[in-house]
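Chemist: Got a structure for you, questions after.
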Amino acid sequence: MSIKVSVIIPVYNPGKYIQPCIDSLLRQTLPANEFEVLFVDDGSTDDSPAELDALAEKHPHFRVIHIPNSGWPGKPRNIGVGEARGEYVQFVDQDDYLASDALRRLYEMGHRNGSDIVIGKVASNFRGVPHGVFKADREKCTIHDAPLYDSLTPHKMFRTEFLRENKIAYPEGKRRLEDQLYMMEAYFPAKVVSILGSYTCYYYSRRDDGQNAGSARIVPSGYYGNLREVLDVVMANTEPGDFRDLLLRRFYRVEMLGRLSEPSVLKYDEAYLGEMLEAVRPLAEEYMGEGVRGGLGGLTRVRSTLLDRGDGEGLVRFARFGSSVKGATRLETAEWRPDGKLAVTLSARLVHGENAEPVRLLRRDGRFYLHPELVQDVLEAGELVDVTDEMDQFRAEMSLRNRETAVEWPCAAEFTSHVEELGDGACEVVLRGSGVVSPQGVKGRGPVSKGFWDIWVSVRGLGLVRKARLGSDRVAGVETGLRPALLGSPARPVIPYFTDPHGNLTLDVARRSKKLAPYLEDRPVLRMPGNRPELRLDVFTRPKTAPARTELVLSSGDGGGTHVVSAEIRNVADRAHIAVPARAKSVPAGRWSLAARLDGEKAPALPLGTVTVGGNGRLRLDDTLPVVDAELVRTTLAKRRKAALRRRLGVVGGPVVRRLPAPARKKLRGLAAKLTG
């Protein structure tokens, strides 16, 4: 069988940090005879060459290529591409790892679209991730209609012949920004790029020794000499105009102004800052014209101005201010919707300083400016920064992020911006909106995994992006609607809670740490009237929540011991109901305390009340338990009667109806629907 994918991994003295990578490759769902793994050992001096050779002996689809040390990943990657037998190649770094279904999904997407490049969603616990690239799956796009320029790491799948035909190769030897150069050289000729945003394929992992690639301090002259090569690729493949300015602006913001901003510039000594300015300013003058600069946000334009003036001290002062700018959120409401999504309303804004003062604007003669107090330490008196044209660019986005794996999913949310007056011509922009959090997944994405899922809000404006947790500032009483939930099939607990001590909203999914019982201790347990013993818990459920089993514990304080019976938990009118067994023949007659092991045998059980067991084993709930609302009872009983009627009609009439002609079947089914509601 032909090889579908060649995975290329440059290796140099990885030690223990390569093991997660190896494990992830051994777990791939793509059959082993359909992909190969090429470890290109760049002259390692530790035990890894021998260990990889031993691994290759056990697994025929693993190969190891040994080369003299080149000092950088470029040459090993080029050799890997040259040796690859796969239709596609996938680059992976030695201290990263793939999700188990990554190769299969990426290959299938690329193969069906004839893609030159396939980009899989990534997660990272230490480096920035361009979440905007992965908002949705895109079967076909190019650099002209998608923000591919925000994803310039090489950990993607490439059609092998595409790389070879276009002579796309890494520069070899020690250098900087080789990934940016490689990706820009690849994006321009790529006719089809596909994006898999609905499945996290690639995980960047922080090493506990701090030796991740790219962590060393840059040498300004070399770094910006290499950046010039990248900018020249942009210039050679674009015409003057908006598109060229868009691409150049990305490098101006990130590699140039970004390294003259917080937190980096605050760590520079005077001599190193001088080196940075000496290296950056010529590039800014040569490549970054008014079209590039004019598209920057207001606060970023201040940095650009300071760079033009060679004002290193001003850049440091402004970075101190920038480091104090935060996103601030206020949670106003939170409650479960019938579809199993958590709906929230909130506000968000930018603040700065220890007292979280608003990032003020100045309104004057129908125009908006950065308030002079924000720039008084870096710009001349009376020098105003006009931000009128970017007032409609304030944005907020909401996401759900796994605290441990760093997987992040966008949440559907809508915000509107409001200019609120602060007096004396000062004002601020406040974003107000609503959103939904879906632990059970949305179109194109399944349920979230077990774990702690934090709700984050990104606040964008004036050229800044600041992320903030949601919940620490909240309206009093919002906790009322945040009851625990049982969702999905099989049913999983989803427990919303506020963290201690910061008070941020988190969802514990599938008992990562939190248990149901403690969160129900102060919530009511209600009794359904009638002969059938049934209890209603203050746990949110929905019709699609699968029934679950739990153990009920009957205990006696007079030496009668304990007895355990099984019971079903099911959805009734958006709450979890425990159907208590009508009889417990093995339990002696008497009065017993009743509790439910909602969290397993070893966890504390939830007290439910008392129950009386008759001589025939019949259970009767204590009449002192509060009863469910009468209207809810009537509605529930009516639904049960109709459900029973539907079952009886199906059993009795089903075989007969199936023999009838189609028109008659349609009429009878319509009549049955009217009878059963």
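Values in this text are rule-based calculations from the coordinates and carry no lab data. Note that the structure is a prediction, hence the values are computed from the model and not measured. Cβ sites come from the backbone with ideal geometry, for glycine too, and all protein chains shown count toward neighbours.
Chemist: With θ set to phi - 60°, apply the Karplus curve 6.51 cos²θ - 1.76 cosθ + 1.60 along the range 461-473 and write out the HN-Hα couplings as whole Hz, x wherever there is a Gly or Pro.
Modeler: x, 6, x, 10, 10, 10, 9, 9, 6, 10, x, 5, 9
Chemist: Alpha carbon centre of the range 89-160 versus the range 558-584: separation in Å?
Modeler: When both Cα centres are located, 49 Å separates them.
Chemist: About its Cα centre, what dipole magnitude does the range 546-653 give when the only charges are +1 on Lys and Arg Cβ and -1 on Asp and Glu Cβ, stated in debye to the nearest 20? Mind showing how you got there, number by number?
Modeler: On the way: 18 positive and 10 negative charges, 162 e Å.
Roughly 780 debye for the range 546-653.
Chemist: What does the convex hull of the Cα atoms of the range 279-416 come to per residue, in Å³, rounded to a whole number?
Modeler: On the way: hull volume 26.0 nm³, N = 138.
Measuring per residue, one finds 188 Å³ for the Cα hull of the range 279-416.
Chemist: Here is a further query. Work out the length of the dipole vector of the chain about its Cα centre, built from +1 on the beta-carbon of each Lys and Arg and -1 on the beta-carbon of each Asp and Glu, and round it to the nearest 20 debye. Please report the intermediate quantities before stating the final value.
Modeler: Details: 99 positive and 88 negative charges, 1171 e Å.
Once rounded to the nearest 20, the dipole reads 5620 debye.
Chemist: Now for a separate question. Place a point 7 Å from Cα of residue 418 in the direction of its Cβ. Which residues in the range 325-355 have their backbone N less than 11 Å from it?
Modeler: Backbone N within reach: 346-348.
Chemist: Just order 595-603, 369-377 by mean Cβ neighbour count inside 10 Å, highest at the front, would you?
Modeler: Numbers: 595-603: 16.0, 369-377: 17.9.
Result, highest mean first: 369-377, 595-603.
Chemist: Okay, next question. Only sites in a loop by DSSP and with at most 12 other Cβ atoms within 10 Å count here; which trypsin sites (Lys or Arg not before Pro) in the range 485-589 make the cut?
Modeler: Numbers: sites: 511, 512, 514, 515, 527, 536, 544, 549, 570, 575, 583, 585; in loops: 511, 512, 514, 515, 544, 585.
Counting only loop positions with at most 12 other Cβ atoms within 10 Å, the trypsin sites (Lys or Arg not before Pro) in the range 485-589 are 585.
Chemist: Additional query: Starting from the coordinates of the alpha-carbon atoms of the range 55-149, obtain the Kirkwood hydrodynamic radius over all distinct pairs and give the value in Å to one decimal.
Modeler: On the way: mean 1/r = 0.0625 Å⁻¹.
This gives a value of 16.0 Å.
Chemist: Continuing with the same structure: Dipole of the range 509-654 (Lys/Arg Cβ +1, Asp/Glu Cβ -1, origin at the Cα centre): which of 650, 615, 605 lies farthest to the positive side?
Modeler: The Cα lying farthest towards the positive end belongs to 650.
Chemist: Moving on to the next point. Convert 37 °C to kelvin, take the viscosity as 0.692 mPa s, use the Kirkwood radius over C-alpha pairs of the chain as Rh, and evaluate the Stokes-Einstein diffusion coefficient in µm²/s, rounded to a whole number. Could you put the intermediate results ahead of the total?
Modeler: Details: Rh = 29.6 Å.
Using the Kirkwood radius from Cα pairs, D works out to 111 µm²/s.
Chemist: In degrees, nearest 10, range 0 to 90: what is the angle between the Cα axis of helix 102-113 and the longest Cα principal axis of the chain?
Modeler: On a 0 to 90 degree scale, this one is about 70.
Chemist: If r is the Cβ-Cβ distance from residue 630 to residue 549 and R0 is 30 Å, what FRET efficiency results, to the nearest 0.05? Could the numbers behind the result be given before it?
Modeler: Details: r = 30 Å, r/R0 = 0.99.
Working from the Cβ atoms, E equals 0.50.
Chemist: Same structure, new question: For the chain, what does the relative contact order come out to in percent, with C-alpha contacts under 8 Å and a separation of six or more?
Modeler: Details: 1334 pairs, mean separation 51.5, N = 677.
Reported relative contact order: 8 percent.
Chemist: Which order, highest average first, do 20-29, 176-185 follow once you tally other Cβ atoms within 10 Å for each residue and take the mean per peptide? Provide the component values of the computation, followed by the final result.
Modeler: Numbers: 20-29: 17.6, 176-185: 21.8.
For the peptides 20-29, 176-185, the packing ranking is 176-185, 20-29.
Chemist: Might you report the magnitude of the Cβ-based charge dipole of the range 296-343 about its Cα centre, with Lys and Arg at +1 and Asp and Glu at -1, to the nearest 20 debye? The partial results should precede the final answer.
Modeler: Numbers: 9 positive and 6 negative charges, 18 e Å.
Result for the range 296-343 is approximately 80 debye, rounded to the nearest 20.
Chemist: What whole number of Å gives the distance from the Cα centroid of the range 1-54 to the Cα centroid of the range 267-282?
Modeler: 40
Chemist: Additional query: In the range 495-559, which GluC sites (Glu not before Pro) are in a loop and have at most 12 other Cβ atoms within 10 Å, using DSSP for the loop call?
Modeler: Values: sites: 521, 534, 551; in loops: 521.
Those satisfying the criteria are 521.
Chemist: Considering the options 417, 64, 153, tell which one lies farthest towards the positive end of the dipole of the chain, charges being +1 on Lys and Arg and -1 on Asp and Glu at the Cβ, about the Cα centre.
Modeler: Final value for the positive-end residue is 417.
Chemist: Calculate log10 I(q)/I(0) of the range 7-118 for q = 0.10 Å⁻¹, where I(q) comes from the Debye formula with a single equal point scatterer on each Cα and nothing for solvent.
Modeler: Cα-only, vacuum Debye calculation for the range 7-118: -0.27.
Chemist: In Å and whole numbers, how far do the C-alpha atoms of the range 113-246 stretch along each principal axis, longest first?
Modeler: Taking max minus min along each principal axis of the Cα atoms, the range 113-246 gives 40, 35, 30 Å.
Chemist: When N is the residue count of the range 357-505, what does its C-alpha Rg come to as a fraction of 2.2 N^0.38 Å?
Modeler: Numbers: Rg = 19.5 Å, N = 149, 2.2 N^0.38 = 14.7 Å.
The reported ratio for this selection is 1.33.
Chemist: Determine the shape class of the range 146-195: with a ≥ b ≥ c the square roots of the Cα gyration tensor eigenvalues, call it rounded for a/c under 1.5, and otherwise prolate if a/b is greater than b/c, oblate otherwise. Spell out each step's value before the answer.
Modeler: Details: a/c = 2.05, a/b = 1.23, b/c = 1.67.
Oblate, since a/c reaches 1.5 and b/c is not below a/b.
Chemist: What percentages make up the Cα-Cα pair-distance distribution of the range 291-343 when the bins are 5 Å wide from 0?
Modeler: Per 5 Å bin, starting at zero, the Cα-Cα P(r) for the range 291-343 comes out as 4, 15, 17, 13, 10, 6, 6, 8, 9, 7, 3, 1 percent.
Chemist: Moving on to the next point. I'd like the per residue volume of the convex hull spanned by the Cα atoms of the range 185-281, given in cubic angstrom.
Modeler: Convex hull of Cα atoms, per residue: 159 Å³.
Chemist: Something else about it: Just order 253-263, 238-248 by mean Cβ neighbour count inside 10 Å, highest at the front, would you? Could you put the intermediate results ahead of the total?
Modeler: Details: 253-263: 18.6, 238-248: 15.1.
Packing proxy ranking, top to bottom: 253-263, 238-248.
Chemist: Enumerate the amide H contacts of residue 618 below 5 Å, restricted to partners 5 or more residues apart or on another chain; note that Pro and chain-start residues carry no placed amide H.
Modeler: Result for residue 618 returns 584.
Chemist: Give the Debye-formula value of log10 I(q)/I(0) at each listed q (0.17, 0.18, 0.19 Å⁻¹), with one equal scatterer per alpha carbon of the range 576-620, two decimals each.
Modeler: Evaluating at q = 0.17, 0.18, 0.19 Å⁻¹ gives log10 I(q)/I(0) of -0.52, -0.58, -0.64.
Chemist: Pull out the extension gain between residue 502 and residue 393, defined as 0.36 nm times the separation in residues minus the alpha carbon to alpha carbon distance; nm, one decimal. The partial results should precede the final answer.
Modeler: Numbers: separation 109, 0.36 × 109 = 39.24 nm, distance 3.01 nm.
Full extension from residue 502 to residue 393 adds 36.2 nm.
Chemist: Okay, moving on. As a test of the formula, what do you get for the chain when each DSSP H run with n ≥ 4 contributes -39,500 (n - 2.57) and the sum is divided by the residue count, at 222 nm and rounded to the nearest 500 deg cm²/dmol?
Modeler: Details: 16 runs with 183 residues, N = 677.
The helix contribution divided over the chain gives -8500 deg cm²/dmol.
Chemist: Which whole-Hz couplings ³J(HN,Hα) result when phi for each residue of the range 504-516 is put into the Karplus expression 6.51 cos²θ - 1.76 cosθ + 1.60, θ = phi - 60°, listed in order with x for Gly and Pro?
Modeler: Coupling constants for the range 504-516: 8, 7, 9, 10, 8, 9, 6, 6, 4, 8, 7, 10, 5 Hz.
Chemist: While we're on this one: Among 584, 202, 132, pick out the residue whose Cα is farthest towards the positive end of the charge dipole of the chain, where Lys and Arg carry +1 and Asp and Glu carry -1 on C-beta, about the Cα centre.
Modeler: Ranked along the dipole, the leading option is 584.
Chemist: Follow-up question, since we're still on this one. Largest first and in whole Å, give the semi-axes of the range 358-433's equivalent ellipsoid, each being the square root of 5 times a Cα gyration tensor eigenvalue.
Modeler: Gyration-tensor ellipsoid for the range 358-433: 32, 16, 10 Å.
Chemist: Now a separate question. At 4 °C and 1.567 mPa s, grab the translational diffusion coefficient of the range 499-577 from Stokes-Einstein with a Kirkwood Rh over Cα pairs, rounded to a whole number in µm² per second.
Modeler: Numbers: Rh = 15.1 Å.
Result for D is 86 µm²/s.
Chemist: Here is a follow-up. Once you keep just the Cα pairs under 8 angstrom separated by 6 or more residues, what percentage relative contact order results for the range 329-383?
Modeler: On the way: 52 pairs, mean separation 10.8, N = 55.
Over the range 329-383, the number comes to 20 percent.
Chemist: What is the extension gain from residue 126 to residue 324, computed as 0.36 nm multiplied by their sequence separation minus the C-alpha to C-alpha distance, in nm to one decimal?
Modeler: Value of the extension gain: 69.2 nm.
Chemist: Enumerate the whole-percent occupancy of each 5 Å bin, from 0 to the last occupied one, for all C-alpha pair distances of the range 242-356.
Modeler: Calculated P(r), rounded to whole percents: 2, 10, 18, 17, 13, 10, 8, 7, 6, 4, 2, 1, 0.
Chemist: Let me ask something else about it. For the range 272-380, what relative contact order do you get, as a whole percent, if you take Cα pairs closer than 8 Å and at least 6 residues apart? Show your work: numbers first, answer last.
Modeler: On the way: 103 pairs, mean separation 21.3, N = 109.
After rounding, I find 20 percent.
Chemist: Mind listing the phi-derived Karplus ³J(HN,Hα) values for the range 35-51, rounded to whole Hz, using 6.51, -1.76 and 1.60 with θ = phi - 60°, and x for any glycine or proline?
Modeler: These are the phi-based 3J(HN,Hα) values: 8, 10, 10, 10, 8, 9, 7, 8, x, 4, 10, 9, 7, 5, x, 5, 5 Hz.
Chemist: Moving on to the next point. Under a 5 Å amide H to amide H cut-off, with H placed in plane at 1.01 Å, what residues pair with residue 120 once short-range neighbours are removed?
Modeler: 157, 196
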